[in-house]
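I have placed the structure first, in the form of structure tokens, so that the comments after it can refer back to it.
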Amino acid sequence: MTCCTDSRDPGASSPTSSAGGQALLEFALVIPIFLALLIGMVDIGRIVWANNTVSNAAREAARFAVVHGGSRTTACPVGPPATVTIIPPASASCPFPSPSKEAIRNTARAFIVAGGSALTVTVCYGAGCSGNTDTFGATNARGTPVTVRVTSRVDMIVSTLVGISSAGVSAESTMLVNH
């Protein structure tokens, strides 16, 4: 009588190697889903960050436009000039005086940190204006609304998995000229 002999087949695999194979298979099945979710969360975070940046840029550019309106005391007015606006010649301190809107666009571009690609900034004066087209007769006089719209595209990392290559973000800010 033998007390402690192993009756299993010597060629059979041990329970330990079978459990290790199962864990490896489960890991191989779960890791792609986990990585896709992780990268998707990063993409969502980038879109939220870009949206926040674009909103801030539109707000700051509109603020710049209303502060640099067409009063007699404005050193470097922007936008379509009013009759009371004194327009200085272009200089180092005032590179884009009225009727140019380029200083407003440059202000928006300066506030874009994570805006993505295909950045577009449009500026228009007057109620109901759109794009870069001012309402007929609109000027940069006090009380005139100015609208700044900033749009951009954020490229997605997981585009091959979900079929979306980029996400569009945009913001619009309208304020009244107060200077």
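The values are calculated or read from the model by the stated rules, or taken from the named source; none is laboratory data. Everything numeric here is computed off the predicted structure, so don't read it as measured data. Note that we place each Cβ from the backbone using ideal geometry, even for glycine, and neighbour counts take in every protein chain shown.
A quick yes/no check of all residues on (1) modelled with pLDDT under 90; (2) small (G, A, S):
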residue	(1), (2)
A90	yes, yes
V113	yes, no
V123	no, no
H179	yes, no
Selected residue (criterion: farthest from M175 (Cα to Cα)) from residues of region 88-138 that are touching a Gly at 6+ places or on another chain (Cβ under 8 Å) and among the aromatic types (F, W, Y): F136
Residues satisfying the stated conditions in region 64-115, i.e. among the basic types (K, R) and more than 12 Å from N140 (Cα to Cα): R105, R109
The one condition in (1) closer than 30 Å to I44 by Cα; (2) of a type outside the set (D, E); (3) touching a Gly at 6+ places or on another chain (Cβ under 8 Å) that V146 fails to fulfil: (1)
Test: T120 is over 20 Å from G69 (Cβ atoms) and among the β-branched types (V, I, T): yes
